[in-house]
Amino acid sequence: MSDRVGDILERISSFMESDVYPLEEPTKRKAFFSLLPALEEKRQKVRDMGLWTPQVPEEWGGLGLSLAEFGRISEVLGRSPYGLFIFNCNAPDAGNIEVLMTQGSQDQQERFLRPLLAGQVRSCFSMTEPEHAGSNPVVMSTTAVRDGDEYVINGHKWFTTGADGAAFAIVMAVTNPDADSPYARASQIIVPTDAPGFRRIRNISVMGEEGEGWMSHAEIVYEDCRVPRSNLLGEEGAGFAIAQERLATGRIHHCMRWIGICERAFEMMCERAATRQIGAGVPLASKQTIHNWIAEGRADIDAARLMVLDTARKIDRDGPDAVRLEISLIKFFVARVLDTVLDRSLQAHGALGMSDDTLLSFWVRHERGSRIYDGPDEVHKSRVARMILRDYGVRLSR
Ligand SMILES: Cc1cc2nc3c(=O)[nH]c(=O)nc-3n(C[C@H](O)[C@H](O)[C@H](O)COP(=O)(O)OP(=O)(O)OC[C@H]3O[C@@H](n4cnc5c(N)ncnc54)[C@H](O)[C@@H]3O)c2cc1C
């Protein structure tokens, strides 16, 4: 790590301690809109510190970091549910920012990217449909049909994260149903949420919580929803190629954020084990089960971090196409580590872990999805195995 990145990390860590962790009151955890004024105040502080939107190049107002360098920052920010939002690098905005930077026309960049970079608006990404397997999204019913200078979009989506209060969605829709390759049939189209025919039906209740704002997962209907054809991102039929592009960096961001959560949950487990007396003069920390959890947790988290940073460095050096195997490896491996570390920390806290007095139950509810979104574990494991088996002459289709 360079001195510059070391210095940035130190500043961010002390800001997390002084300004971000104090926001983590149990009663406010699910809320977004009532917490927004406090979050906005912190966001202004981050701008004033010159650390705003750290993941983007300097010409777009960011810190000009490599992916591996930003990964370290994502870990520190991931230690709190609010960290990435306060620094304007939370999903799905970070992915949309990246796509708009690389694929957006000048007009799209002025209308959609600039306000997103400035933190004036939020956005969402709308691909998954309840009627079809999201793990194989080439099968999709949503269509966008040209009508003069407009696209007319019809379809049904769900789990569109952050749609509640977002200014626009990037929507995957079939524009070229007759293309030979199923990967060349869909396009990405920018749809303002006030466009005629855009209807957010509900924020889906997920694991007992109906999140709001950026923590929401919405069900949306597009009913003869009209947008100008100039809202097409990139070429027609390039939807999957563009989605692939955002996934590689997105996985590094997510995995490093998960490692931040792991570190904090691990620290909480050690602290609890050291201080909880389970008998006269018998700390929980004296039990071998706890020793195993501490040793295995430390090894798992360190291994996960090294795998992710190694993948990030390869992307920095050779581009995302060079790491197809690694990108799948880290996705299921780090999600498994997160699942295990969180579960053990909760277990070590007993009833306190189940309560909302600590962050553990919040994370268990919110992060269980890590094993499902961006491709379920099983899909990634199959992909890894298929790639490896090719070297042994075995060629398997999906
Ligand atoms: C918290 C959360 C946030 C999300 N945010 C967004 C978002 O912002 N935008 C968006 O468009 N979508 C989002 N999604 C949707 C997500 O991308 C899909 O849930 C995911 O792609 C899986 O699709 P599915 O739910 O339809 O499951 P299915 O495709 O029906 O799969 C169900 C299960 O079947 C198994 N399975 C599937 N395929 C295989 C296979 N090839 N081999 C072995 N087993 C298999 C897996 O166990 C899988 O979990 C989000 C989901 C969650 C949980």
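The values are calculated or read from the model by the stated rules, or taken from the named source; none is laboratory data. Keep in mind it's a predicted model, so treat the numbers as computed, not measured. A quick note on method: Cβ atoms are made from the backbone with ideal geometry, for glycine too, and the neighbour counts reach across all protein chains shown. We work out accessible area using only protein heavy atoms, side chains counted, and drop any ligands, DNA or RNA first. Shrake-Rupley method; radii C 1.70, N 1.55, O 1.52, S 1.80 Å.
Taking R202, R305, R386 in turn, the Gaussian network model of the chain (Cα-Cα springs below 10 Å) assigns the largest fluctuation to R386.
Sort 3-11, 265-273 by packing, meaning the average of other beta carbons within 10 Å per residue, with the highest value first.
Put in order of decreasing packing, that is 265-273, 3-11.
A Cα-only calculation for the range 139-273 places Rg and Dmax at 18.2, 66 Å.
For the range 20-102, what class follows from the C-alpha gyration tensor (a ≥ b ≥ c being the square roots of its eigenvalues): rounded when a/c is under 1.5, otherwise prolate if a/b is larger than b/c, else oblate?
On the way: a/c = 1.84, a/b = 1.82, b/c = 1.01.
Prolate, since a/c reaches 1.5 and a/b exceeds b/c.
Would you mind computing the Rg to Rh ratio of the range 1-154 from its alpha-carbon coordinates, Kirkwood style for Rh?
Rounded to two decimals, Rg over Rh is 1.03.
Under Stokes-Einstein, with the Kirkwood radius over Cα pairs as Rh, the value for the range 77-229 at 37 °C and 0.692 mPa s is 206 µm²/s. If you run the Gaussian network model on the chain, springs between alpha carbon atoms under 10 Å, then out of I201, I220, I261 the most flexible one is I201.
Could you check how much of the accessible area of the chain is carbon and sulfur, as a whole percent, using a 1.4 Å probe? Show your work: numbers first, answer last.
Working: 8980 of 17650 Å².
The C+S portion of the solvent-accessible surface of the chain is 51 percent.
For a straight C-alpha distance cut-off of 18 angstrom, the lysines reachable from K381 (same-chain residues fewer than eight places away being disregarded) are K331. If you run the Gaussian network model on the chain, springs between alpha carbon atoms under 10 Å, then out of D178, D357, D374 the most flexible one is D178.
Return the tail of the calculated pair distribution for the range 141-191, meaning the percent of Cα-Cα pairs more than 13 Å apart. Write out the running numbers ahead of the final one.
Working: 791 of 1275 pairs.
More than 13 Å apart: 62 percent of the Cα pairs in the range 141-191.
Just check the range 121-208 against the gyration tensor rule for me: Cα atoms, a ≥ b ≥ c as the square roots of the eigenvalues, rounded for a/c under 1.5, and otherwise prolate or oblate depending on whether a/b exceeds b/c.
Numbers: a/c = 2.21, a/b = 1.27, b/c = 1.75.
Since a/c reaches 1.5 but b/c is at least a/b, the shape of the range 121-208 is classed as oblate.
Net charge dipole, the chain: roughly 900 debye, given to the nearest 20, about the Cα centre with Cβ charges of +1 for Lys and Arg and -1 for Asp and Glu. Rounded to the nearest 10 degrees, the inclination of helix 239-275 to the longest alpha-carbon principal axis of the chain is 20 degrees.
Residues whose amide H falls under 5 Å from that of S105, counting only those 5 or more places apart or on a different chain, are G234, with hydrogens built in the peptide plane.
With respect to the chain, whose longest principal axis is taken over its alpha-carbon atoms, helix 36-48 is tilted by about 90°. In the chain, the calculated helix contribution to ellipticity at 222 nm averages -14500 deg cm²/dmol per residue, counting -39,500 (n - 2.57) for every DSSP H run with n ≥ 4.
With unit charges on the beta carbon (Lys/Arg positive, Asp/Glu negative), name the residue among T175, V337, S14 whose Cα is farthest towards the positive pole of the charge dipole of the chain. Of the candidates, V337 comes out farthest on the positive side.
For the chain, the longest principal axis of the alpha carbon atoms and the long axis of helix 3-15 meet at an angle near 80°. The radius of gyration of the Cα set in the chain, together with its Dmax, comes out at 21.6, 79 angstrom. Averaging 1/r over each pair of different alpha-carbon atoms in the range 73-152 and inverting the result gives 15.0 Å, the Kirkwood hydrodynamic radius.
Using Cα-Cα distances under 8 Å and only pairs 6 or more residues apart, what relative contact order does the chain have, in percent? Before the final figure, lay out the partial values.
Working: 644 pairs, mean separation 57.9, N = 398.
Normalised by residue count, the contact order of the chain is 15 percent.
The distance linking the range 120-178 with the range 68-82 is 29 Å (Cα centroid to Cα centroid, whole angstrom).
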